[in-house]
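Chemist: One structure, as structure tokens, below. Some questions next.
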Amino acid sequence: MDFKLEVVVVPVADVDKAKAFYQQLQWREDADFSVGDGFRVVQFTPPGSECSIIFGTGVTNGEPGSLQGLQLTVKDVVAAREHLLGLGIDVSEVWHDADGVFHRAGTANRVDGPDADRRDYGSWLSFEDPDGNGWFLQEIVTRAPGR
């Protein structure tokens, strides 16, 4: 039986500011509806993704900016960075890990630039939404067997 991830709830402080950010990313806006004064849901889907994000009013008790480590994959992290910069998004430099293993921000093994051999799963960049929710982009051209 398949279990597919459908939606991730992203805690935000200002729904309209978050909506403008994800529109700036050029993600597909799937929904924006309200039910009364205390409930509003906005849904966006990244290009090529089967999973969406939602945020809004009355959607979560999560602290805005507390969602970290959201991960997207791209076939060319360098091109993705240039694309995001062209959209006006503040993104990190591309990095890889000297040991070939992913470590969260601040580790000693992070090296500037993509993996020298452009190995799958080896090159990264990051960005944040206006509330500080953290996103990673990882370069994967050919998935490992079973993934």
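Since every read-out is calculated from the coordinates, none of them should be taken as a lab result. What you are looking at is a predicted structure, and each value in this text was computed from that prediction instead of being measured. Reconstructed Cβ throughout: ideal geometry from the backbone, glycine too, with neighbour counts over all protein chains shown.
Chemist: So for the pair Val111, Thr60, with labels modelled 7 Å out along Cα→Cβ, what separation do we get in nm?
Modeler: 3.5
Chemist: Between 0 and 90 degrees, rounded to the nearest ten: what's the tilt of helix 77-86 against the longest Cα principal axis of the chain?
Modeler: Between the helix axis and the principal axis of the chain, the angle is about 40 degrees.
Chemist: With springs only between Cα atoms under 10 Å, which of Val111, Val42, Val12 fluctuates most in a Gaussian network model of the chain?
Modeler: Result: Val111 has the largest fluctuation of those listed.
Chemist: Continuing with this model, one more query. Please give the length that would be gained between Ala31 and Leu72 if that part of the chain were fully extended, namely 0.36 nm times their separation in residues minus their C-alpha to C-alpha distance (nm, one decimal). Show your work: numbers first, answer last.
Modeler: Working: separation 41, 0.36 × 41 = 14.76 nm, distance 2.09 nm.
The Ala31-Leu72 span can extend by a further 12.7 nm.
Chemist: Moving on. List every residue whose amide H lies under 5 Å from the amide H of Asp30, counting only residues 5 or more places away in sequence or on a different chain, with H placed 1.01 Å from N in the peptide plane.
Modeler: Gln43, Phe44, Thr45
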